[in-house]
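What follows is one structure encoded as structure tokens, with my remarks underneath.
The values are calculated or read from the model by the stated rules, or taken from the named source; none is laboratory data. Since the model is a prediction, treat every value here as computed from it, not as a measurement. When we count neighbours, we look across all protein chains shown, and the Cβ atoms used for this are built from the backbone with ideal geometry, even at glycine.
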Amino acid sequence: MVRKSPNICPQCGTPGHSVDNATIKCLISTSLHRVENVKHYFCPDAGCSVVYFAEDGSHLFLTEDLRERVYQKEPNSDDVLVCYCFLHTLGGIRSSITDDGQSSIIDDIKYGIQQGHCACDWRNPEGKCCLGNVVSIVKAGNVS
Ligand SMILES: [Zn+2]
């Protein structure tokens, strides 16, 4: 059964974006028997422990079920990864910001994308490219 709003997190009510089941299979640390062959969504709310939920609301994957810490769930932790392909942490990105508001980490990630080195679909819990998150952090400046 699909709920009326299948993309709404059953725990916190925040709308999530859909993620490929392959992303979930790569990232959870529990048996893959738990990943039912239905659509799943990612809950981005920092205060909610649900990372993935099934469209029918029957299955939840919590932060503790993942191999990785999730940037969206710890948006203020310096040592949490933001870029899971090239291993850039929030603190590393913030401290890389120059006085004129640039960061060589953005160039590093763009180079990796050009070279086909990235694997955001499988390594980033969000299941998509991290570059937008990194650009937002650099734009916000070195606030730590
Ligand atoms: Zn949630």
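Inspect all residues belonging to region 85-95 and state whether any of them is surrounded by fewer than 16 Cβ atoms within 10 Å (Cβ to Cβ) and either outside the structural domain of Lys128 (by TED's automatic domain parsing) or polar (S, T, N, Q) (or both).
yes
Residues in region 6-53 that are within 13 Å of Glu126 (Cα to Cα) and surrounded by 16 or more Cβ atoms within 10 Å (Cβ to Cβ): how many?
Counting residues in region 6-53 that are within 13 Å of Glu126 (Cα to Cα) and surrounded by 16 or more Cβ atoms within 10 Å (Cβ to Cβ) gives 18.
Can you tell which of Asp79, Asp100, Asp56 is over 10 Å from the mean Cα position of the chain (by Cα), modelled with pLDDT of 95 or more and surrounded by fewer than 16 Cβ atoms within 10 Å (Cβ to Cβ)?
Asp79
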